[in-house]
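Trainee: Quick one: structure below, then a few questions.
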Amino acid sequence: MQKEQPPSSLIVEDIPVIAAERSEGISGSSASSSSMRPQFGDDMWSDTVNHRSKKDKRKRLIMTYAGVGIVSFLLFLYLSFPFNVVKEVVVSKTNEILIQQQLPIRVSVGDFNLKFPVGISLEDIQLTNVNEPLATVKIGRASFSFHVLPLLIGQLEGDLRLTQSGGSLDVSIGSSIAGLVKLTRSPSALLPSGSMRATFVNFEVRPFIDNALAFVRSGNSPMLQTIQPFLRTEVSGQISGSAHFDLPEIGESLDRATADLDFKINQAYFEMRDETLAIPRQEFSEARIKLKLIKKSIEIPTDTRLLANDIGINLSGRMNVSDNFLINDVKLKLGLTLKGKIEENFKTLLPIILGCDLSKMVGGKMDVELSGNFSALTCS
C-alpha cells in the first residue's frame with residue numbers, strides 16, 4: 001500500500017514548467033518594455049524638436065514682418081516729410097531771434113534733409129552780415145547726427161561736419177541733458193559741460209574772420225574808434241589740426257577742465273587795408289598754435305610761433321585761468337623779431353604796449369619775460 005504524498009509537496013517534474021513559465025514571463029516583459037521604449041522615447045523627442053522648430057520659424061517670420069514694417073514706415077516718412085516747410089520755419093525763426101538780439105547776421109539755407117537714422121543735413125548755408133554783405137560765410141554742407149543710445153542714460157551726443165571746397169571740420173560733442181538745462185537757467189554760465197573734439201583739415205578761416213571783424217566794426221562802442229584801422233584787416237589761412245575740450249558741470253571748479261589745442265595754419269597771411277598803418281602784406285612761412293589746459297593752468301610749449309616776412313613771434317610759458325574764465329598770473333617768454341617797414345614804424349610802439357623798456361629792443365630783436373596780468377604786465 002502506497003503512502004499518500006502531502007498536498008504541499010513539490011513534484012520534480014513541475015520544475016521545468018515553472019522555469020519555462022518564468023522565462024516566458026521575463027522575455028515577455030523585455031519584449032513589452034522594448035516595444036514601449038520607442039513609443040515614449042524617440043517619438044516624444046521628435047515631436048518636441050518639431051514643435052520648437054516651428055516656434056523658431058514663427059518668431060523669425062514675425063521679426064521679418066516687423067523689420068519690413070519699420071523700414072517701410074521710415075521710407076514713407078522720408079518721402080512724405082515736408083522738408084521745405086520745416087526749413088523755412090527754422091530759418092525764419094532763427095533770423096527773428098537775430099533781429100530781436102539786434103545782431104546784423106542773417107542765415108539762409110539751400111536744402112534741408114533728414115539724415116538716417118537720426119540727424120539732419122543742410123546744403124548751401126550762408127551767414128551774411130547786413131552791414132557788409134561781402135563778409136559772407138559760405139558752407140557747402142553741414143550735417144548733424146544724434147546718437148540714440150546715449151539718450152537712454154541722459155546723455156546728448158552727436159557729430160557735426162562742415163565741408164568747404166577743399167576743407168572740412170568734424171566736431172563730436174557730448175553733454176548731459178541735465179547740464180544743458182542748467183546752462184539755460186544759469187545767466188552766469190558761459191559754456192556747456194561735457195566734451196568736444198574738433199578736427200580741422202585745410203579749413204579756410206577767412207570768411208569767418210571777415211564776418212567777425214565786420215560784426216565788431218558794426219558796434220557803437222566809443223572804444224572801438226581807436227582800433228578801427230586794425231579791424232579792417234584781411235586775414236586768411238587754412239587750418240589743420242585738432243582741439244579737445246572737457247569741461248566740468250556748471251557750478252563746479254575749472255580744476256577738472258582740460259583742453260589740448262594744436263593747429264597749423266597753411267598759406268596764412270594778413271594785410272592791413274588801412275594804408276595809414278604802413279604795414280605791408282605779411283605771408284607766413286610758419287604758423288603754429290599749441291597749448292594745453294590742466295588744472296586751471298594754460299601751458300604754452302615752445303612749438304608756438306608765427307614767422308612772416310617782416311615779423312617773427314616765439315611764445316612759451318604759462319597762464320592761470322580763474323573759475324570765471326579770467327586770465328591772471330601770466331609768466332610768458334616772448335621772442336620778437338621785426339624787419340623792414342614794420343621795424344621802422346613799430347620798434348618803439350610795441351615795447352611800450354608790452355610795458356617794456358625801449359632798450360629791450362636791439363637790432364629789431366627783443367627777448368623778454370612777461371609776468372603779472374594783461375592789465376598790468378611786468379617786462380624783464
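The values are calculated or read from the model by the stated rules, or taken from the named source; none is laboratory data. All figures in this text were calculated on a predicted structure; none of them were measured in a lab. Don't worry about glycine lacking a Cβ; one is built from the backbone with ideal geometry, like all the others, and counts go over all protein chains shown.
Trainee: Filter the strands (runs of 3 or more DSSP E) completely within segment 80-129 down to those with at least 3 residues that are in contact (Cβ under 8 Å) with a residue 24 or more places away in the chain.
Mentor: In segment 80-129, 111-114, 119-129 are the strands (runs of 3 or more DSSP E) which contain 3 or more residues that are in contact (Cβ under 8 Å) with a residue 24 or more places away in the chain.
Trainee: Filter segment 112-169 down to residues that are under 16 Å from Asn202 (Cα atoms) and in contact with a Gly (Cβ under 9 Å, 6 or more places away or on another chain) and give me whichever is surrounded by the fewest Cβ atoms within 10 Å (Cβ to Cβ).
Mentor: Restricting to residues being under 16 Å from Asn202 (Cα atoms) and in contact with a Gly (Cβ under 9 Å, 6 or more places away or on another chain), the top hit is Ser165.
Trainee: Quick one: which of Lys296, Lys290 is surrounded by 13 or more Cβ atoms within 10 Å (Cβ to Cβ) and on the phi > 0 side of the Ramachandran plot?
Mentor: So the residue among Lys296, Lys290 that is surrounded by 13 or more Cβ atoms within 10 Å (Cβ to Cβ) and on the phi > 0 side of the Ramachandran plot is Lys296.
Trainee: Answer yes if at least one residue in segment 365-374 is surrounded by fewer than 15 Cβ atoms within 10 Å (Cβ to Cβ), under 42 Å from the mean Cα position of the chain (by Cα) and assigned to a helix (DSSP H, G or I), and no otherwise.
Mentor: no
Trainee: Working only within segment 287-302, note down all residues that are touching a residue at least 24 places away in the same chain (Cβ under 8 Å) and of a type in the set (D, E, K, R).
Mentor: Arg288, Lys290, Lys292, Lys295, Lys296 - these are the residues of segment 287-302 that are touching a residue at least 24 places away in the same chain (Cβ under 8 Å) and of a type in the set (D, E, K, R).
Trainee: With respect to Lys347, is the statement that it is of a type in the set (Lys, Arg), surrounded by 17 or more Cβ atoms within 10 Å (Cβ to Cβ) and free of Cβ contacts under 8 Å to residues at least 24 places away in the same chain true?
Mentor: yes
Trainee: Would you mind finding the one in Leu162, Leu134 that is at pLDDT below 80 and assigned by TED's automatic domain parsing to the domain that holds Leu213?
Mentor: Answer to the check: Leu134.
Trainee: Among the listed residues Ile289, Ile265, Ile313, Ile298, identify the single one that is closer than 21 Å to Lys339 by Cβ, in contact with a strand residue (DSSP E or B) (Cβ under 9 Å, 6 or more places away or on another chain), part of a strand (DSSP E or B) and not assigned by TED's automatic domain parsing to the domain that holds Val137.
Mentor: Testing whether each residue is closer than 21 Å to Lys339 by Cβ, in contact with a strand residue (DSSP E or B) (Cβ under 9 Å, 6 or more places away or on another chain), part of a strand (DSSP E or B) and not assigned by TED's automatic domain parsing to the domain that holds Val137 leaves just Ile313.
Trainee: Of the conditions (1) at pLDDT 90 or above; (2) hydrophobic (A, V, I, L, M, F, W, C); (3) more than 25 Å from Phe325 (Cα to Cα), Ile279 satisfies every one except a single condition; which number is it?
Mentor: Every listed condition holds for Ile279 apart from (1).
Trainee: Check Asp210, Asp170 and return the single one that is assigned by TED's automatic domain parsing to the domain that holds Tyr269, closer than 24 Å to Ala135 by Cα, touching a strand residue (DSSP E or B) at 6+ places or on another chain (Cβ under 9 Å) and at pLDDT below 90.
Mentor: Asp210
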